[in-house]
Amino acid sequence: MLSVSGIHTYYGAVHALKGVDLEVAQGEIVALIGANGAGKSTLLMTICGNPRPRRGSVALAGENIVGVPMYHLVRRGLAHAPEGRRIFPRMTVLENLRMGAVVADPANFDSDLERVFSLFPRLKERRDQRGGTLSGGEQQMLAIARALMSRPRLLLLDEPSLGLAPLVVRQIFSIIEEINRRDGVTVLLVEQNAYHALKLAHRGYVLVNGQITLSGSGADLLANEQIRAAYLEGGHG
Ligand code: ATP
């Protein structure tokens, strides 16, 4: 479904991605793990076209999408729930969800809203509250819910567990699993929380300093000594 090949991305003189190859097959959950500054967010943003890669290609369902604006990509089934819970703070929960649904068929709005509210009952309770006054966890839920309202086939999730309490992290991860299993949404998940991400994912990639250094099944990566030492020590290792 997604094929990233030989991507080089720069921020001015900073060479952030140095020849990244990555594949996500339909129906998979793929985790991308790595330390701060490895280039994880840059990879998701490059897939969405901003920044644009200087070299390499990105294909969605077999078609090159480099240079295609994000609003067209959303229509082709791509959704991005970015890091930092970039919801619209002055809009209510419901208005945020409407923004997510602008490319979807209006006839599906009510049923899609019910589906999203059944995944995130907290958002239903807060439907008239402004996004900016939600708690961190609620904002994260809203970012994911808003992305789902476009009915994506491929969902890019950037650090959904960032800054959240362990209980909320478990909730979010079980919802990601449900979206994948029940709704058939393919997921590319960027995470620093390597333990949860690799437990959930079918496959994973490790990004170090702009390059993929390891890839394999979630279970194999979890059992890998290098990964345990670098990313799982002190937590769940
Ligand atoms: P984190 O887990 O801390 O969010 P990350 O793996 O997502 O890290 P990126 O945010 O993709 O890493 O950053 C990759 C590299 O690119 C870093 O060295 C970062 O400083 C640099 N970088 C990111 N955004 C910019 C920018 N707008 N201008 C210049 N350099 C940038």
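Structure values in brief
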| item | result |
| --- | --- |
| Number of the exception - residue 91 against (1) within 16 Å of the ligand (Cβ to nearest atom); (2) in contact with a helix residue (DSSP H, G or I) (Cβ under 6 Å, 6 or more places away or on another chain) | (1) |
| Every residue from the stretch 38-49 that is assigned to a loop (DSSP other than H, G, I, E, B) and either more than 9 Å from the ligand (Cβ to nearest atom) or among the aromatic types (Phe, Trp, Tyr) (or both) | 48, 49 |
| Filtered residues of the stretch 71-97 (kept if modelled with pLDDT under 95 and among the hydroxyl-bearing types (Ser, Thr, Tyr)) | 71 |
| Strands (runs of 3 or more DSSP E) lying entirely in the stretch 152-211 (those with 2 or more residues that are among the β-branched types (Val, Ile, Thr), within 26 Å of residue 9 (Cα to Cα) and under 11 Å from the mean Cα position of the chain (by Cα)) | 186-191 |
| Condition check for residue 172: in contact (Cβ under 8 Å) with a residue 60 or more places away in the chain, surrounded by 17 or more Cβ atoms within 10 Å (Cβ to Cβ) and not polar (S, T, N, Q) | no |
| Residues located in the stretch 71-87, provided they are over 17 Å from the mean Cα position of the chain (by Cα) and surrounded by 16 or more Cβ atoms within 10 Å (Cβ to Cβ) | none |
| Evaluation of residue 140 against (1) part of a loop (DSSP other than H, G, I, E, B); (2) under 17 Å from residue 96 (Cβ atoms); (3) at pLDDT below 95 (one fails), failing number | (1) |
| Some residue of the stretch 17-37 being at pLDDT 95 or above, assigned by TED's automatic domain parsing to the domain that holds residue 198 and within 9 Å of the ligand (Cβ to nearest atom) | yes |
| Among residues of the stretch 50-70, those that are within 16 Å of the ligand (Cβ to nearest atom), under 16 Å from the mean Cα position of the chain (by Cα) and surrounded by 15 or more Cβ atoms within 10 Å (Cβ to Cβ), counted | 0 |
| Test: residue in the stretch 89-102 that is under 19 Å from the mean Cα position of the chain (by Cα), of a type in the set (Gly, Ala, Ser) and not assigned by TED's automatic domain parsing to the domain that holds residue 6 | yes |
| Positions within the stretch 197-213 being within 15 Å of the ligand (Cβ to nearest atom) and crowded, with 16+ Cβ neighbours inside 10 Å, in sequence order | 197, 204, 205, 206, 207, 210, 212 |
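The values are calculated or read from the model by the stated rules, or taken from the named source; none is laboratory data. Quick caveat: nothing in here was measured; it's all calculated off a predicted structure. All Cβ positions, even for glycine, are placed from backbone atoms using ideal geometry, and neighbour counts span all protein chains on display.
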